[in-house]
Each structure stands twice: as C-alpha cells, then as structure tokens.
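*Asks:* Quick one: this structure, given as structure tokens, is what I'll be asking you about.
Bear in mind that the values in this text are calculations on the coordinates, not laboratory data. The structure presented is a predicted model; accordingly, all values stated were derived computationally and were not measured. Heads up, the Cβs are rebuilt from the backbone with ideal geometry, glycines too, and the neighbour counts pull from every protein chain shown.
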Amino acid sequence: MVERAPILDMICHAILIAGAMLVCVPLYFAFVAGSLTIAEVQKVPLPWLPGDQFLANLQTAWVKADFSRSFLNSIVVALGITAGKIVVSLLSAFAITYFRFRYRMLAFWLIFMSLMLPIEVRIVPTFEAVANAALPLQWLADLLHVADLWKWISGHDVAIALEWNMVNTYPGLILPLIASATATFLFRQFFLTVPDELCEAARLDGASPLRFFWSILLPLSVSNIVALSIILFLFGWNQYLWPLLFTTDKDMATAVIALKNLIPRSDSEPAWNIAMSGALLAMLPPTLVILLLQRWFLKGLVDSSK
Amino acid sequence: MKKMAFIAALFGVLALAAPAQAARVEVQWWHAMSGVLGERLNELVEKFNASQDKYTVVAVAKGNYDEVTNGVIAAYRAKRPPEMVQIAERGYMTMLLSGAVVPVQELLDQKGYKVDFSDFIKPVASFWSYKGRMSAMPFNSSTPIFWYNKDHFQKAGFDKPAATWQELEMQLYAIKAKGVSECGTVLPGDFFWSLLENYSAINNQPYGTLANGFDGLGTEFVYNKTKVVSQVARLKKWLDDGVMQIAGQGFSPEQLFTSGRCSTFVNSTASHGNIERNAKINWSATFLPHENDINPPLNSTIGGGAIWVMKGHTPERYDAVAAFLDFVAQAETQVWWHGVTGYVPATNKAYGLARERGYYKDHPTREIAVLQLSRGTPNDNSRGFRFGNFVQTMLAQRSEVEAVFTSQKQPQQAMDDAVKRGNEILRQFEKLNAGKGTEWAPEAK
Amino acid sequence: MKAGSPIATSSIWPEAPAAPPSGLARSQHKSPGETVAGRSAVTERAGRARTTKRGQPDREPGLKRANFGRGAGLPTLLLLPQVLILVFFFFIPSLRALTQSVLLSDPFGTTVHFVWFDNFKALFASGEYRQSLVTTAWFTVAQNVITLAIAVVLAFATDRVVRARSVYRTLILLPYAIAPAIAGILWAFLFNPVVGPLAHMLHGLGISWDPNRNPNDALWLVIMAASWKHICYDYIFLVVGLLAVPVSLMEAAAVDGAGPVRRFFLIALPMLGPTIFFLAVMNFIYGFFETFAIIDAVTHGGPAGATNILVYKVFVDGFINLDLGSSAAQSVLLMSFALICTLLQFRYFDHKVNYGV
C-alpha cells in the first residue's frame, strides 16, 4: 500500500540508518584498529580514522594464523555439518512421517530428546566418545565377557581392544555437531504440510517410497533446504569451543581457532592491529554468504507468504 | 550412505598396537604460549629436533593454561594424552595427585640422564618438587617485578621508586597531583598473584596454615587475618583516588604502562620480550616494594609453568621425552630462553653463564627477578603455595576483591568471605585426595 | 496449497535457528491462538482432520494420512544414520555428563565418590548460585525486551521504506555472520572505559561509565552486546511476518482513517503475536545458552559475579574450576529448564497439527 507520509518515511530512514550504524560501528572500529601499526593501535584513545597498514596487516594476519590452511578446514567443517545434517535429517524425517512401523514413536522421542543439551555441557564425555567411538562396544564386550567366552570355546587367550579414533579428523570435528535433531524437526514439520494427494498419486502410479522421496518430496523441500543450509553453514563456521578443545593438530585448526591464537594475551605482544585484521578475515566468508545468498535465504521465507 | 562405508572402513579391531616403525619417534607437547612466547617456544622445539635425528617433538598450542588443562584432562580420560603438557603453577596439586603423570626426576634417572636437580634455583626447585624430588620440569618460571617510567619519576622529582609501599604511595600521589601522568599505576590482570600472594611471601605473611599447604592437605587459608586485608584496602583507596586504573576487558594493563599513560606497573618479568620490543617510553624496573615494618623482605615466589609427563605411553616415546627434558634443563638452552623471553633461568649454572657473558650489563632489569627470587632463605611463608583447586579458590578470592573495588563490601568482610569460600573448596579437595601422593615418596619405590 | 510452501517450525535449539516460521498463511482469519508455524497446516487440515478421524480413528500422531504402510525395513535404514550419530555423540556422552552430577570426582577421574544429591544441595545453599539465578533472570528478560523492541521498530521501518530497503536489510543482518566470540571482543574493546572510543563518547556526555567498577554498567554492557548479536534474528522473522499481513486489511483500516503507525499497532502487531511469542522463546533460549562466549570475552562474569549468568557458571565451574560434579548438577538444572521451554514451545506450536505428540 502506498500512501504519502513523507515525514514518517524520513523518520523510518532515520531509524534504519541508526540501526545500520549500530551494527556497523563496531565493525568500523575493527577496521580502523586493523589498519594501524602496533604503536598506533596502543594509543589512548584509538584514532577515529584508519591508518595505512590495512593490507600489510591482513597479510601478516593471514600468514601468522595460517589462514590458507584453517580456511580450508573451516570450509570443509562448515560444509560437512551442513550437508551431513541435511541429508541425515531429511532421511529420518521422511521415515517418521511417511512410514508406520513399530518403533516409530520411540525413534521420534529419541530424536526429540537430543534437543535438550548443548555440546558445551557435555563436552568432555563427547571428547571421550570421539577419541574412541568404539568405547561403548568395548564396555559391552567386557560386560558380556566375550573374551572369556571365546577362551571357553576355543581355548585361546585373546585381548579385545576395540579402537576407533577420530581425533584430528574431519568426521571427528563434524559428527558431534550434527548430533542434534533441529533439522529433523524442521523437515518433519514441513512434510506434515505436504498435501496427502501427492503421496496417494505416487502410490497409484506404483512409485516406490524412495522414488517418491527423490522426485516429489525433495524438489518440494528445496527452499527449506537452502534456507537451512545457510544457517547451518554460519553455525558451522562460527563454532568455537568444540574445535578448540578437540583439534590437537595445528593443521586441523579452523579459522575461528586460528584467530583465537592471534588475540593478544596478558603476557604477549598487544598486537591488536593484527588480531582485528584477522577477525575481519575470519568473518569474511560468513559475511559473503549473507550478502550473496540473502536473496535465497529470504526467498525461502517469503515464497510461502506471497 | 557414504557414512556407512566410512564407518565400516574406520572400524578396526586391534589387538596390541605394534610400535610404529617410523625413523623418528614423534612425541607431542601441548602448551599455552601465544604471541612472541609461542614463536620462541617453536624455535626451541626446532632447535631440539635439529640437534639429533632420533626424536621429533611436536609443539601444539592449545589455548591458554585453562584450555590446555582441559584438553589434557579430556584427552587423558579418553586414553589419548599427549606425552608432555605445560601446566601453570596453580595446577600443581591437581597434576601431582592426579595419578596420571610420570615423575620427571625418576624418568630422567631411569633413562640415564644426569640432570643436576640440586642446582635449580631454590624457589623454583621447591615449588616444583614434592618430597625432595622434582615432579615436573620447570620450564617458564617468572616472578612479578616493579616496572616504572623513568621520565615520570624524574619529572615528579624522584630518582626511582621507593622500596616500601608507604613511601611509594606518597610518590604515586605526588605524580598524580603534579599532573605528570594520568595515573600512578595499573591494576595487574593477575593482581591476586603479584599483589596478594607474592605480597604475602615478601612480607612474611602466612597465606594458609601448614606452611601454605606444603605440610599437608589439611591446610586452611588465613589471609583474612594478615596484612593482605590492609593491602586490599590500599588498592581500593588508590582506585577511588584515581591513582590506580583498571584496564578491563578488551585492553591490557601492560598497554596502559607502555603507552605512557600510567607511571608504574607490577607485572611478570616475562614481559621483558614485549616491553623491550613495544614500549616507546623510557622504562626501567626494580624490586617489588615491601611494608616499612618488614625488614629485610623475603624472596618472592614463582609463577609460570612446568612440563609434566603423562602416563600411558611406550618406552620409546619416553626415550624421546627424556631426551627433550634433558635438552630443556641444559644451561645453554636456559640461557637462550631467558634471553629471548624474560623468564628466569631455572638453574644456578645458567644464571652464572649469563652473568659471565656480561648479559646483565646490557640488560640490568633482567637480573631483578633472579635476585628477588633467591634473596635470603625461603621460609614457610615464602616457599610457595600448595593449595588444592588453587584456580577455584583464586577465582572466589578475585570475585570477593572485586566486591571491594565495586564498593559492595568492606575489605575485612570480603577477605573473611573469600577465606570461607576458599576453605570449603580446600576441604572438598582434601576429601577427594586424602592419602594420595604416596607414589611420589622415594622410599615407596 | 501451492507446492513449495514450507512450514517451518522453529528449531527449538538455537544452534540451528532453522528456517523461520514461514507458513505465514494467506488465510484472512487467524485467531490469536494459532501459531505462526502451524497456521497454514491448521487451516489446511481444519477440514481434513474430521474426515481423517472418521476414516481412520486409530491414526498415529505425526504420521501422514497417506503413508507407505507398515514395512519396517526401509524406515529403519533411513533412520539409522541419525540414530547412530545420536547414540554415539549425544546419548552416551550426555548420560556420562549427567551421572557426574551425583559424583564427586577429581578431574582426571582417578577417584570417584558417589555423593547422592550433595552437589545439588551445595548449589541451593550457595549464595553465588542464587546470585547467578537473579542475574540470569535480569539478563535474559532485558535482552529479550531490548532485542524485540529494536527489531520491531526496525522491521516496521523496513516495511515502510521503498528506497534502499535491501541495503538496510543486508546491513542489519550482518551480525548474524559474526561469531559470538568475535562480537564479544569487539564490544569489550569499544566500551572499555580507558580506551574504548564509545566509552569516551559516554564520558563526554557526562555518564560515568565504568563496567569494571560498576556492576550495573557491566550487566548493561553484556545485555547490549548480546542483543546486538541477536537483533538480526528477530528482525528477519518480523520483516517476513509483516510481508504476510493481508494488504486488504491494512487498506480497509486506511480507508477508515487509521494512519500508518496506528495501523501497525492495531492490526499488524496483533497479527504478529504468534511470531513474537516464538521469538520471545527463542530469545530466552539464546540468552540462556548461546551467550557464554560473549560473557567470556566482555566481562568474565565479573565484576564480583555481576554478569555470572547460569551457563557461564556451568562453563567456569566445569572448565576452569574443574569442579565437574557441581558443573554437571548445574547442567541438569539448566537442562530441566530447557526441557520445560522446549515442551512449552513444542506443545504450543505443534499440538494443533499433530494431535498431541
């Protein structure tokens, strides 16, 4: 609806400009700090105008934090989390909405439960699980005295030591972050709104469940998948505590962790200029995602409401 | 379904892993050094790796001390600890009684390395040894010293900072009153370490019973009955009068000093590397002040970290560990590390070497820490601190001191509360660890 | 129903804030009780539910009427990846974390005492925990109100303007891309009373700003930082929500002489009610769980515990103090809270669609 209300429109622009400034001021100062020399950045108060060291600092930060390696890691981890979570969730949401089987409700509640506990709270046991994911089987083997049983059967002494170590591997970084059911719920909710006629028609045509999933359900879900992918990518890229505790190999550090090593601490050189340049670098890919894919993201939301 | 294939591929059933046939034995060392210190540490490791062809040490920066500790705990519980880990002085009792570490002195003896443990500087040796044997390899030892801006003192008409807190207070107020600088001093980020703990040692004040915990787990804090209370009141007064500033998050206290805004700064001697590189001011350093009714002042105590050896590795790996620790303990290594970082040399031999080469003629402030640490004979109040869960008690104490700074509590009240909270934490530690540590007694072997 | 119209319930957990409720219904009649998420499903099903009940009275909740029957093989296979990942990386670690709450153990796990509910008793007796509860209440409520208020104003303005709309939208969305840890560092720096440029501005205005010595300033600082990071989330939901407000209604009101602001308050805002409720729940969950990196960077929970919110205390007690038992007990309490929140939201958004799951 268009009506003329020039004063209100100006107020609106003013509000939006204020909002944009609220967002941009911290980023601007990060840029200013990132463009100074180490001596200038220690001045009190900080200058309001940028210096001329921006490119040099970016370069230093890039090399010092080994961003060429850690960016790659972050991309792999963020994409892995995105793809993994979406695939796994689509499949399980399909299973619990379109099939009637005995343990359906049990499966549903198992998945539902996983919404409760963020990884920060269970981080040490999660580390154990990833360092040796075969540990539960080991307990089972010990509990059931498999070794004794074998000895009794065959007369041989064996030591059973199961091992499946995922420390410093991409799966180890990715899988625990996939272990929550948010996306499953999203897809479940969506599937519940898909018209039943589609499924009935598919069945009349003799299509198999997987055929239906692939040719009908999946294309219908595209806008949901895109919107969720963007959010998951950002979530994956910005992970902090888990990669920090988990990666013992420098070559496995993600960009946020590499940045963390640039932040000056009390007994090290106060190189805030490098740290801020690094921060800008580390937030560049997620920012680009928001800038370039925003249309998709909004489209996913808006399509349904137009 | 890729994932299934992947799981199938990864699942291996191993009976007894065979030792790797790699030419060089590789061992990991997790550490907490960042910035310049981290770069120097990497150089140290490269030096060792280049010095021989049997072993490779891999240094891994695992964040700050807390993060390293957590990393090693998680890894140990998951049965994949690194071979070596750098742990801060505050974690000493936790590591000692963990049942997860190998005593360093015994390891080196057993592998045939002749490290002269009696040659370590006293406060260093006494801090890191238990029942007379070194439990971890002292690596980065520091102590707080008093940094000051020479120009500011001269402008205010003083030669140098006074030796006692009382006179120093007058100087700082004069500096402020004459408008020489905006603030006399900065609150250090680790003020509990320098201005309360080391303050107690230097001024011969007990911090806890049973020789600050050296004589048993039954120790209790007593600093609410000592000069610590008036020290907290003094800091509060300085803050109120603007003589002291708090840098706060997002900024470092050191920058307030190096930028010339504040005239003095109590901080670790390990900042030498940074200050020499970054400070554009005319700076110098001296001993920490003491109370005017305490004479002579005692030694200060150390802070920093040591290298602990974790249990659960093969003999070949311990060969590598022992070779590396021996390298760290060598006087040449110590002198180099001392020079590039500002940490104190851990042995008398290394200190002597540095002196002989005239190092302190060019770098007089580098000697202060060693002299301050080794003055007099350490007594029960100055030998160091041996409290369980020392990080936790420190955080409780810090929070109570902050309650004074924010005018929510009086100093006496706050210290009473801090001691009460601290003692509860100590009792929990005692409950868990009573009777432990026997494996450390030489006669138990 | 047009194909491709997604209904997205909120993910309940903020880690994947999930696509916002977008089935923002074209229906012209919405009772306030209906949820954003469920709305189009509800309207769509309104007629069918009855037939369903007539035809198949034993229908299971949350199952499509048109389904692929009873075979168990394929669904098991489909569920397997999710269930395996959950068992290995969620259930086993979580159970181990939770059993810690009734144990007293040293960090390396060499000595373990079973202490029943001592850890919980100690918490309820502890002044710090009570202080933390109160702080958390203030923090989450204030953060919620500020985030929503600013987001509503910005969304309203965005809806009005024509020129540069997408530029504004993009800029306001930016904080979504920034890791909480980085956001915290920026805020700590800007509002540092000694060097922060914005703190200098406050001082210039005559405000004695010092979060190091004034607990209220510190609390405000973390509230503002946390809100700054989260406004974009509420904002985008509201922008999309406003687009869905039926033009006919607004026009009718305009004909009646209601100005834009009045229309917004009388028509648009009530229609956004369910969205706002959803956002309020998400804001609470964000405040409770996601803000620890911000607290860690901006105040470390200080001064004197003034910003020590529950999740930060869990983190400090478990991660820095190595008091695993107490930390686990706090997790259990936090988790109970999250459970209530989730159930509440879940029931509210779901029961109309799913008949009571």
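*Asks:* According to a simple spin-label model (label point 7 Å from Cα along Cα-to-Cβ), what is the distance in nm between B:Asn42 and A:Ala14?
*Replies:* The modelled label-to-label distance comes out at 5.3 nm.
*Asks:* Which listed residue (B:Ser181, B:Met137, B:Trp147) has the Cα farthest towards the positive end of the charge dipole for the stretch B:131-188, taking +1 on Lys and Arg C-beta and -1 on Asp and Glu C-beta about the Cα centre?
*Replies:* B:Met137
*Asks:* Something else now. Go through the stretch C:82-90 residue by residue and turn each phi into a ³J(HN,Hα) via Karplus (6.51, -1.76, 1.60, θ = phi - 60°); whole Hz please, and just put x for glycine and proline.
*Replies:* Couplings: 4, 5, 4, 4, 5, 5, 6, 10, 10 Hz.
*Asks:* Under a Cβ-only charge scheme (Lys and Arg +1, Asp and Glu -1), can you give me the dipole magnitude of the protein assembly as shown about the Cα centre, in debye to the nearest 20?
*Replies:* Its charge dipole is roughly 3060 debye.
*Asks:* While we're on this one: For the protein assembly as shown, with the dipole built from +1 on Lys and Arg beta-carbon atoms and -1 on Asp and Glu ones, taken about the Cα centre, which of C:Trp220, C:Leu86, B:His313 lies farthest toward the positive end?
*Replies:* The residue sitting farthest along the positive end of the dipole is C:Leu86.
*Asks:* Classify the stretch C:122-354: rounded, prolate or oblate, from the alpha-carbon gyration tensor (a ≥ b ≥ c, eigenvalue square roots; a/c under 1.5 rounded; otherwise prolate if a/b is larger than b/c)?
*Replies:* oblate
*Asks:* Also, I was wondering about something else. Across the residues of A:282-291, average count of Cβ atoms on other protein chains within 10 Å?
*Replies:* 4
*Asks:* Continuing with the same structure: Show the residues, 5+ positions off or on another chain, whose built amide H is closer than 5 Å to the amide H of B:Tyr130.
*Replies:* When sequence neighbours closer than 5 places are left aside, the close amide H contacts are B:Ser135.
*Asks:* Please work out the FRET efficiency for the pair B:Asp293 and B:Ala434, using the Cβ-Cβ distance as r and a Förster radius of 25 Å; give the result to the nearest 0.05.
*Replies:* So, using R0 = 25 Å, E works out to roughly 0.05.
*Asks:* Could the peptides A:282-295, B:90-103 be put in order, highest first, of the mean number of other beta-carbon atoms found within 10 Å of their residues?
*Replies:* Highest-to-lowest ranking by the protection proxy: B:90-103, A:282-295.
*Asks:* Can I ask one more? Considering the alpha-carbon set of chain B alone, what are its Rg and its Dmax in angstrom?
*Replies:* Answer for chain B, Rg first and Dmax second: 23.1, 79 Å.
*Asks:* Please list, ordered by chain and number, the residues whose modelled amide H lies under 5 Å from the amide H of B:Val60; skip anything fewer than 5 residues away on the same chain.
*Replies:* Long-range HN contacts for B:Val60: B:Trp29, B:Trp30, B:His31.
*Asks:* Seen from all sides and averaged, what is the projected area of the convex hull of the Cα atoms in the stretch C:73-116, in nm²?
*Replies:* Its average projected convex-hull area is 4.2 nm².
*Asks:* Residues of C:206-215, mean number of Cβ from any other protein chain within 10 Å of their own Cβ, rounded to a whole number?
*Replies:* Counting other chains' Cβ atoms within 10 Å and averaging over C:206-215 gives 3.
*Asks:* Can you tell me the relative contact order of chain B? Whole percent, Cα pairs under 8 Å, sequence separation 6 or more.
*Replies:* 25
*Asks:* Still on this structure, I have one more. Two decimals is fine: what's Rg over Rh for the protein assembly as shown, C-alpha atoms, Kirkwood radius as Rh?
*Replies:* Expressed as Rg/Rh, it is 0.99.
*Asks:* With the radius of gyration and the Kirkwood radius both derived from the Cα set of the stretch C:202-273, what is their ratio Rg to Rh?
*Replies:* Rg/Rh for the stretch C:202-273 comes to 1.26.
*Asks:* For the stretch B:35-99 and the stretch B:361-429, what is the centre-to-centre distance using only Cα atoms, to the nearest Å?
*Replies:* 25
*Asks:* For the protein assembly as shown, build the charge dipole from Cβ charges (+1 Lys, Arg; -1 Asp, Glu) around the Cα centre, then report which of A:Ser92, B:Thr333, B:Ser268 sits farthest towards its positive end.
*Replies:* A:Ser92
*Asks:* Another one. Taking each residue in B:43-55, count the Cβ atoms of any other chain within 10 Å of its Cβ, then average. What number comes out?
*Replies:* 0
*Asks:* Could I ask something else about it? Given only helices, namely DSSP H runs of n ≥ 4 each adding -39500 (n - 2.57), what is the per-residue ellipticity at 222 nm of chain B, to the nearest 500 deg cm²/dmol?
*Replies:* -13000 deg cm²/dmol
*Asks:* So how do B:116-124, A:48-56 stack up, highest first, on mean other-Cβ count within 10 Å?
*Replies:* Final packing ranking: B:116-124, A:48-56.
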